[in-house]
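To start, the structure itself, in structure tokens.
The values are calculated or read from the model by the stated rules, or taken from the named source; none is laboratory data. These figures come from a predicted structure and were not determined experimentally. Using ideal geometry, Cβ is built from the backbone for each residue, glycine included, and neighbour counts are taken over all protein chains shown. The accessibility values were calculated without ligands, DNA or RNA, using every heavy atom of the protein model including side chains. Shrake-Rupley method; radii C 1.70, N 1.55, O 1.52, S 1.80 Å.
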Amino acid sequence: MDIVLLVKAAVMGIVEGLTEFLPISSTGHLILAGSLLGFDDDKAKVFDIAIQTGAIFAVILVYWQKIHSTVVALPRQAKARRLALNVVIGFLPAVVLGLLFGKMIKAHLFIPVVVASTFIIGGFIILWAEKRPPGSVRIEHVDDMTMWDALKVGLVQCFAMIPGTSRSGSTIIGGMLLGLSRQAATDFSFFLAIPTLIGAGAYSLYKERALLSVADIPLFSVGLVFSFISAWLCVRWLLKYISTHDFIPFAWYRIAFGIVVLATAWTGTVVWAE
């Protein structure tokens, strides 16, 4: 196996883990990083989706106590059954719309300029969401969500099909706009990520299995390991961060980063791969 290729896999894994659960778009960063590294062929696109599984394992580890207690309590606690049902309900819109429009979106929107534009738009949406008036929060804890709340957050998550939008950004910021507290929206975003990203990774590997071989195992393994480690560190940091901070710094990061990408593309400073 080419050492340079393994280094690229490690870099992409770190990018995935650090950006998957922040409202800054992991897909967008992977597209841009892949463009700079020359790691953007069809196999690389499958790789980008598959290594999300490593990030999800990190979430499962961080939330293991909550996940385990919920599963154990399913037969006897209505609260546990409601949370599990809400995750399923929130997951379904992504399945339906992903199957209907996923191929078309990948064919036309997975380009750096689109990513940069959605970075900027998403940044302004975060700034707007953080200006909510006091008292607009209806739900303080994820266990208090209704099925209707879960469906609405699931529908909002579908905006993340547009690269650069951010799955976590859509669910967290969308949840906040729908009346969830910052903590409740973040927790539900993490729980919703488990079936969404595992399902997307498994489907992508199955659909594109003709592109893969046993020789690719080291490449994917490196990406998964580095994705797991960086995501674990990032999730633990984010949970502490949101207890005392808002998401405004991420909004300005998105806007600034998007402007830089657009400026370098228009001036020819960086030749972003299409």
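Given Cα pairs under 8 Å that are at least 6 residues apart, what percent is the relative contact order of region 3-267?
39
How many percent of the accessible area of the chain is carbon or sulfur, using a 1.4 Å probe?
Its accessible area is 72 percent carbon and sulfur atoms.
Across region 156-274, what fraction of all alpha-carbon pairs, as a whole percent, falls in each successive 5 Å bin from zero upward?
2, 9, 12, 18, 18, 16, 14, 9, 3, 0
I'd like to check one number: the per residue accessible area of the chain, probe 1.4 Å, reported in Å² as a whole number.
Heavy-atom accessible area per residue stands at 48 Å².
State the extension gain, in nm to one decimal, for the chain segment bounded by LEU92 and ALA107, taking 0.36 nm per residue of separation less the distance between their alpha-carbons.
Taking 0.36 nm per residue and subtracting the Cα distance, the gain is 3.1 nm.
Residues of region 1-37 with backbone nitrogen within less than 13 Å of a virtual label 7 Å along the Cα-to-Cβ line of LYS240, please, listed as ranges.
Under 13 Å, as judged by backbone N against the label point of LYS240, lies no residue of region 1-37.
Just report the Cα centroid separation between region 36-78 and region 225-248, whole Å.
Here the answer is 14 Å between Cα centres.
Separation between the ALA210 and VAL71 pseudo-spin-labels, each 7 Å from Cα along Cα→Cβ, expressed in nm?
Each label point lies 7 Å from its Cα, and together they span 3.6 nm.
Based solely on its DSSP helices, what 222 nm [θ] is calculated for the chain when runs of n ≥ 4 H residues each add -39,500 (n - 2.57) and the sum is averaged over all residues, nearest 500 deg cm²/dmol?
-24500 deg cm²/dmol
Could you order ASP40, ASP2 by accessible surface area, starting with the largest, using a probe radius of 1.4 Å?
ASP2, ASP40
Considering the zone a paramagnetic label at LYS131 would reach in this model (a point 7 Å from Cα along the Cα-to-Cβ line), which residues of region 221-254 have amide N under 16 Å from it?
Counting backbone N atoms under 16 Å from the label point, the list is 247-249, 251-252.
Can you give the direction-averaged projected area of the convex hull of the alpha-carbon atoms in the chain, in nm²?
Dividing the Cα hull surface by four gives the mean projection, 14.5 nm².
How charged is the neighbourhood of SER189? Take every other residue with its Cβ under 12 Å from the Cβ of SER189, and add Lys/Arg as +1 and Asp/Glu as -1.
0
Quick check on my link table: of LYS8/LYS207; LYS8/LYS240; LYS45/LYS131; LYS131/LYS152; LYS8/LYS66; LYS45/LYS240, which ones sit more than 27 Å apart, alpha carbon to alpha carbon?
Too far apart for the 27 Å limit: LYS8/LYS240; LYS45/LYS131; LYS8/LYS66; LYS45/LYS240.
THR27 accessible area, nearest 10 Å², 1.4 Å probe?
So the heavy atoms of THR27 present about 40 Å² to solvent.
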